[in-house]
Amino acid sequence: MSQEKIDMLNRALAREKAARKQAEKILESKSAELYDAKQKLEKSYQELEALLTRKDSELQGVFENIVDAYVIIDLWGNILKMNDAAVNLLGFEKSNEDFNLMNMVKPNDIELASQSFKTLLKQGAITDFFITILTNKKVEKLVHINASIIYDKGQPVAAQGIVRDVTEERRTAELIQEQKKELDVIVQNSSLGIVLTQSGHIVRTNEAFQKLLGHNALELSKLSIKDISLQEDFPASKDFLKKMDSGQIDNFVINKRYKKKDGSVLWAKTNVNAVRNSDSSIKYQVALVEDITSEREKSLIIDMINDVAKAILGKIDIYEIAREITNNIAEYLNTQDCVIYLVNKDNNTLEQIAAFGEKLNANNEKTNKIKRPLSEGIIGAVATTGKAELIKNIKKDKRYIANGKLCYSVITVPIISDGEVIGIINSQHLDKNYFTKEHLQTLESIANLVAMQLKSAINLRERLKVESKNKDLLQELEKSNDELQEYAHIVSHDLKSPLRSIDALVNWIKDDNKDKLDETSLQNFDLIENTLEKMELLISDILMYSSMGVQALEEENVDLNSLVKDLKTILFIPDHISINVLNTLPTIQGDKTKLQQLFQNLISNAIKFNDKEKGVVNIEVVELETFYQFSISDNGIGIEKKYHDKVFKIFNALNKSKDSTGIGLSIVKKIVELHEGHIWIKSEIGKGTTFYFTLKK
């Protein structure tokens, strides 16, 4: 090894020896200081024990009077003294346990405990300090500590503290907080509106209530209950609130209306509860608000429809029906305007027949009937299309025709019967957005309900007008018939008199000149007599036809078997013709004289127009449900089919003879119709004819 390296090592060794000597000196100094500190500490313990001994009687009294746990520790955390409450709290068996409280601190909280103890030493006291400990019995507890330093001659010698177990309190507080959060969630998510008020002013609301009224929380916080209540409903709420303030009630339920932000109305069931202070004064009022607009609307609709149905039941006057409808609708809509129009398509107009609050004349009709063109305005549009309309702001509709005070909301519904618009229901309101879809649906239901009865009333009105005209016409007709009857008798008398005179003169001339007249002249006189006879028969038949139906039927029970039997004895029946009744004829209600004319004319025609060597006339009847069907048939000459409808017309005799005027079958038809029957014919040329007719039972 070189001398240089040896020298270097010697120098390093010398430095190390010097450093070790210096360290030994420092260690000796520190050991002396530590010994002095130990001596001072032992002296302090002796002084503290002496102090504790001197204060023991005083502390004992304190211990006995402190309910909470009370502990005295040295400045290193060792327990010096504790009361029974502390023994129980910390899980010890006796009050002089040798234990350091820092050992009870949970590992996670040691740093917090150290910082708090430093603060205690520095400031002399700490308050409201919370820490979690693990007791001697291994029970975890949250404790609340208020501590202070114990001084002796100005020097800190120990610490004392009151320890409270707040584990249950904290749990309770946490539970309350948790429940509060849950309650907040419930309140905020409740379908019911919830309002907290104080002295009538809104303090807090939930989302449901905000949605119900259309306001946000901030807007509502600036309003009072009076601000959001409908003016008409507020007095009732105010009365309940007075009773609540006076202590008479703690709760009340009321159905009331609220004003929504958009101007519409909300019906709500409101349950109000009082939250009182210890002196029973009201601290808050909590209201649960349930929207019952729909339910109330349905109830009102049902009630209103029932009221309308009852009001118009049995009524037939169109004005009375319309008036009941307008009154009920106006009350339901809470509006002063409701009008009903009738559609008159003959003159393309709308006639106002009823209006709420209208004045009526003595005939219960409107005093100022308004007529409008069918194509005019919203009403005309609905009448034309048949579709209802709901208008929230009329100013935005160009079809609106102002009539008096401006109304913003309009609802117009057609009354339809058999697919045709017969009327219009129209209502207006001063406010915008007043009418709802429910209002529209209700009015449509009312329109459907009253359509049939209103149509019947319209038909009745028209029928009464026609009947009135018919009555006048009937009176004129009766007067004309009387005059005609009188005229017919006069004409008959006036015509027959000269005929008889002519007949008498012809007979006189013929008798006076019998020997002077040749055979041709005598034949001519016979022709004159036959013509005069036929003319007199024609006049008699015309008189009979014209008077038929003018006089009322003299109804009685008529046995048709006896009637036909009597006719057989009256009529001239040739030997070659037989009249047969094939089955028993019924007894019916009728005019005997006219029924005799009926059978006599038909039987006579069957005899008169029979060209067979052996003629047959058969009479038969068939009983049907409401009438009898008779037939009188023969085997005579028959009638061509083209004349079947003409034979019943006056003066339509198919075979000209002195005995036929062409009126007989016309009289027969009239008699059948007077007895509510019908007559028709079946015939074939050369084979015969059958007359069928019916008579009511």
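The values are calculated or read from the model by the stated rules, or taken from the named source; none is laboratory data. Keep in mind it's a predicted model, so treat the numbers as computed, not measured. Glycine gets a Cβ as well: all are built from the backbone with ideal geometry, and neighbour counts include every protein chain shown. Accessible surface areas use protein heavy atoms only, side chains included; no ligands, DNA or RNA. Shrake-Rupley method; radii C 1.70, N 1.55, O 1.52, S 1.80 Å.
Structural remarks
- Checked against (1) more than 20 Å from Ile66 (Cα to Cα); (2) open to solvent by 70 Å² or more (accessible area, probe 1.4 Å); (3) in contact with a strand residue (DSSP E or B) (Cβ under 6 Å, 6 or more places away or on another chain); (4) polar (S, T, N, Q), Asn100 passes all but condition (2).
- One residue from Ala274, Ala217 being more than 26 Å from the chain's Cα centre (by Cα), of a type in the set (A, V, I, L, M, F, W, C), over 30 Å from Tyr332 (Cα atoms) and loosely packed, with under 14 Cβ neighbours inside 10 Å: Ala217
- The set of residues from the stretch 278-336 being farther than 25 Å from Val203 by Cβ, of a type in the set (Asp, Glu) and free of Cβ contacts under 8 Å to residues at least 40 places away in the same chain comprises Glu295, Asp303, Asp307, Glu324, Glu331.
- Top-ranked residue in the stretch 350-370 [being touching a Phe, Trp or Tyr at 6+ places or on another chain (Cβ under 9 Å) and assigned to a strand (DSSP E or B); ranked as modelled with the lowest pLDDT]: Leu360
- For the stretch 594-643, taking the residues that are among the polar types (S, T, N, Q) and within 60 Å of the chain's Cα centre (by Cα), the one that is most open to solvent (accessible area, probe 1.4 Å) is identified as Thr626.
- Scope the stretch 264-309; condition assigned to a helix (DSSP H, G or I) and hydrophobic (A, V, I, L, M, F, W, C); matching residues: Leu300, Ile301, Ile302, Met304, Ile305, Val308, Ala309
- Looking only at the stretch 405-440, residues that are open to solvent by less than 70 Å² (accessible area, probe 1.4 Å) and over 25 Å from Glu297 (Cβ atoms) come to 4 in all.
- Residue that is modelled with the highest pLDDT [pool: residues in the stretch 564-588 that are part of a helix (DSSP H, G or I) and touching a helix residue (DSSP H, G or I) at 6+ places or on another chain (Cβ under 9 Å)]: Val564
- Number of positions in the stretch 68-88 that are open to solvent by 50 Å² or more (accessible area, probe 1.4 Å), closer than 14 Å to Asp98 by Cβ and touching a residue at least 40 places away in the same chain (Cβ under 8 Å): 1
- Consider the stretch 512-523 and keep the residues that are of a type outside the set (Val, Ile, Thr) and open to solvent by 80 Å² or more (accessible area, probe 1.4 Å). The one that is modelled with the lowest pLDDT is Lys514.
- Selection count where residues are open to solvent by less than 90 Å² (accessible area, probe 1.4 Å), free of Cβ contacts under 8 Å to residues at least 24 places away in the same chain and among the hydrophobic types (A, V, I, L, M, F, W, C), scope the stretch 146-181: 2
- Of the residues examined, Thr135 is not one that is among the hydroxyl-bearing types (Ser, Thr, Tyr) and surrounded by fewer than 16 Cβ atoms within 10 Å (Cβ to Cβ).
- Selected residue [within 20 Å of Asn327 (Cβ to Cβ) and either of a type in the set (A, V, I, L, M) or in a helix (DSSP H, G or I) (or both)] from Ile416, Ile425: Ile425
- Boolean, Leu695 is modelled with pLDDT under 90, surrounded by 13 or more Cβ atoms within 10 Å (Cβ to Cβ), of a type outside the set (Lys, Arg) and not in a loop (DSSP other than H, G, I, E, B): no
- Within the stretch 484-511, restricting attention to residues that are open to solvent by 100 Å² or more (accessible area, probe 1.4 Å) and at pLDDT below 70, the residue that is farthest from Thr531 (Cα to Cα) is Glu486.
- Residue within the stretch 196-210 that is open to solvent by 60 Å² or more (accessible area, probe 1.4 Å), under 16 Å from Val289 (Cα atoms), over 29 Å from the mean Cα position of the chain (by Cα) and touching a residue at least 60 places away in the same chain (Cβ under 8 Å) present: yes
- So Thr349, is it over 30 Å from Leu374 (Cα atoms) and of a type outside the set (Asp, Glu): no
- Candidates in the stretch 243-258 are the residues that are within 21 Å of Gln210 (Cα to Cα) and in contact with a helix residue (DSSP H, G or I) (Cβ under 8 Å, 6 or more places away or on another chain); of these, the one that is most open to solvent (accessible area, probe 1.4 Å) is Asn255.
- Condition met for Lys261 (part of a helix (DSSP H, G or I) and open to solvent by 30 Å² or more (accessible area, probe 1.4 Å)): no
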